[in-house]
Every structure is written in structure tokens, then in C-alpha cells.
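Here's the structure, in C-alpha cells; my notes come after.
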Amino acid sequence: MKKILLVVGARPNFMKVAPVYKEFKKHPDKAEVRLCHTGQHYDVKMSDVFFQQLGIPEPDFYLGVGSASHAVQTANIMTEFEKVCLEMQPDVVLVAGDVNSTIACGLVAVKLHIKLGHIEAGLRSFDRTMPEEINRLLTDAISDYLFVTEKSGLENLKNEGVPDEKIIFTGNCMIDTLVNFLPKVEESDTSDRLGVKPGEYILLTFHRPANVDTAEFFVNLRDFVAKYGRNHKILFPIHPRTRANMKNFGAEIDDENLIMTEPLSYLDFLHVMRYAKVVVTDSGGVQEETTYLGVPCITVRDNTERPITVEVGTNILAGTDFRNVFAALDDLLAGNVKKGAIPDLWDGQAASRVVDGLLNR
Ligand code: UDP
């Protein structure tokens, strides 16, 4: 019997960990699984709603760390997570993605000689100004089990000298959740409620510091809304960081064709992604979800750690210069829509491969 401790901390973790949690529960003879939530994201809209919708129980351990600078947040998570590990004595700690909770809990585990598994290992943007890239590099360097979502991850880990026996190509656990929830999403009335018509609106999400921490970004956003709002509704569920910065820069936009909402629940967001004409984003996960859904995606970043979404999927990496974003969107709206395919092993079965890799190796 292996004692497994799963860690979640922030919004993008919940969809990746939920299917793994459920899969472990199918093997009560082989695994005892517990869940720890660090509280990196803590409010109803960024955290609680996902527990309700994704069908994962209240966490066994809640660290309540909240927001702070990177150093303070990482340190607080480490201090609290060490107590959890000492109490539970897990055989394996499993972390996901690239948030501060990922590296903080990983570091605590390995220092206590607990095996560490990383869900979504091997992704690289090769941009070390991104806090997520540092979290990814360091977590992979200390992990014992590296669960990889796409082939670039296999190449990156090989290039970094990670031994083959640590690497398991599982596919994408976040897509397991999407596959599972898609039937419900198709039935929901989210677009009606939000006042948009399926297939006719542009969906925006932005939260990366490289964009939303600059005043220039909000000037570009205003131009974007002025240009595309003439012919399309623009739906913008706004991340707390982005909303705060918009206010601080005095850059609020008042336009009847811009529909700004609080962050949406998972089901609502999947619905509006599924029926968007195009999604314009700087999110990591949204690049992958749109690829699976076959919905056009324009990514407002200069790099992506998910190149399969560009090579195989519907993603266009436009860069952060909005002239290029406008050019890409104009082209798309003129009918030049990139046809995508679904990457290898994004088949709704990734979590079973993670669990198999952990329990049967
Ligand atoms: N998401 C959501 N509601 C929203 C925006 C995003 O449920 O209003 C989901 C989205 O479907 C994806 C995840 O949150 O599963 C992505 O999280 P985020 O963009 O915050 O993080 P990143 O993927 O960039 O690390």
C-alpha cells in the first residue's frame, strides 16, 4: 500500500489533479490518497467552485497561505507543507504544473526523502523571466517520476540529462477533465446567460505579468476592443490580478460590446471556450484546451512551453506586439482558419497512465 499525497494550489492545478485523485480512488488496495490544498488561490471563484464542480472532496490538509510576494508565498508553503509531510509520512508527493506550490511542496518532499512526481513535466518556454519557467525547471530537476503531456517535454528532459526510466509519457490530465465534462458543457446555457451568441464572439483571457503588469498592455486592449467590438461581442472573464492592475493603471474600459465578468467557473468557461469564434489569451492551459476543442486560439506571448498546440493544434503564437495580434486576428476573421488535430495521448486516459506509472513500476 502506497501513501500518496496530492498537492493543489492554484486554479490551473485543479483540472490536472482531479482525474488523478479519482483514478487513485479506484485502487484502494494499492494506494491511500490524501489531498493538500496550499491556498495559493483561495477565493470562491478561483478555488472553491472547482472543488464543487470537479467532484473532488474537501482537502485533507489546507495550508491557507494566500497571496504574497514569490519569496514569502513559497516560504510559507514550505513551512506549512513540511508539517503535513511529517504528520502523514507519504511515500510519494505528487505536484502538478508550474505554480509556486509546485516547487515549494516538491522541495519539501525531496528534502524529507519522499519520492516526488510531477504531472506536466518537461514543458519549457526557454524564457527564464517567467516565474513559471523557474518553477518547471527546478521541479523537474528534483522529481523521481516525470509525467509528460507532449513530445517536446520528452525532448527537453532528454536534453537536460534526465534518465529515461524517470520519464513517463502519459498525455494530458487536464484534457481528461475536459473530455469528462464536455457533454455537460454542451447542454449548459452559459452563453445565453452572458449575452453572447455561439460562434459569434471573441473570448479573452489575460493574466501573465509580462502582459498585465504593463500600462501599455491596457492601451492595446482598449484599441483591441475599439477595433473588434464593432462587429463582435468580446467576452472577458477577468483574472483578479488583471482587474487590480486595470484599476491601478486607471485603464478601465467602458464599451457596450465588451462584456467583463468575474473569473468563470470551470463549466461556464469550458462552454464559452467551446462556442467562441476565436480565443485570444496568454494562458497556458487555454492554449491546450482550444487545441482539443478545435477552436482557433491566438496566443499573446512571445513563446510557448506548449509547442504541440502550434505544431498540431489550432494555436497561433502572435507575440506580445499587438500589431501582430491584429494581423493574426484579421486573417482569421477573413476566413483563414487553421485546422488542427488532437495531439498524441490527449485521449481522456492520461490520469490512468499516471496512476499506473506510480503503482505498477
Ligand atoms: N479557467 C476557468 N475560468 C476562467 C478562466 C480559466 O475555469 O475564467 C480555466 C481554464 O479552462 C483552464 C485553467 O483555468 O483549465 C487555466 O488556468 P489559468 O489560465 O489561470 O492558468 P495557466 O494555464 O495560464 O497556468
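The residues listed here are Gly285, Gly340; of these, the one that is among the small types (Gly, Ala, Ser), crowded, with 18+ Cβ neighbours inside 10 Å and closer than 21 Å to Asp213 by Cα is Gly285. Applying the condition of being assigned to a loop (DSSP other than H, G, I, E, B) and within 20 Å of Arg243 (Cα to Cα) to region 271-287 and asking which residue is farthest from the ligand (Cβ to nearest atom) yields Asp282. Screening Phe269, Phe224, Phe206, Phe249 for residues that are free of Cβ contacts under 8 Å to residues at least 40 places away in the same chain and within 28 Å of Arg306 (Cα to Cα) leaves exactly one candidate, Phe269.
What number of residues within region 170-189 are in a helix (DSSP H, G or I) and in contact (Cβ under 8 Å) with a residue 24 or more places away in the chain?
Adding up the residues that qualify gives 13.
Scanning region 225-277 for residues that are out of contact with any Ser or Thr (no Cβ under 6 Å at 6 or more places or on another chain) and among the acidic types (Asp, Glu), we see that the one that is farthest from His207 (Cα to Cα) is Glu256. Restricting Asp302, Asp268 to residues that are more than 8 Å from the ligand (Cβ to nearest atom) and not basic (Lys, Arg) narrows the list to Asp302. The number of residues in region 196-248 that are more than 16 Å from the ligand (Cβ to nearest atom) and aliphatic (A, V, I, L, M) comes to 5.
Only one of the listed residues (Phe236, Phe269, Phe206) is under 30 Å from Gln349 (Cβ atoms), aromatic (Phe, Trp, Tyr) and at pLDDT 95 or above. That residue is Phe269.
Entry remark, region 13-44: residues being outside any loop (DSSP other than H, G, I, E, B) and either touching a Leu at 6+ places or on another chain (Cβ under 8 Å) or buried (at least 21 other Cβ atoms within 10 Å of the Cβ) (or both) number 17 in total. Within region 174-194, the set of residues being polar (S, T, N, Q) and either more than 10 Å from the ligand (Cβ to nearest atom) or at pLDDT below 95 (or both) comprises Asn180, Ser188, Thr190, Ser191. Applying the criterion of at least 2 residues that are among the β-branched types (Val, Ile, Thr) to the helices (runs of 4 or more DSSP H) found wholly in region 190-266 leaves 215-228. Checked against the criteria, Thr214 counts as of a type outside the set (D, E, K, R) and surrounded by fewer than 15 Cβ atoms within 10 Å (Cβ to Cβ). Thr290 meets each of the listed conditions (1) in contact with an Asp or Glu (Cβ under 6 Å, 6 or more places away or on another chain); (2) part of a helix (DSSP H, G or I); (3) polar (S, T, N, Q) apart from (1).
The values are calculated or read from the model by the stated rules, or taken from the named source; none is laboratory data. All values reported here derive from a predicted model rather than from experimental measurement. Every residue, glycine among them, receives a Cβ derived from its backbone with ideal geometry; neighbour counts consider all protein chains shown.
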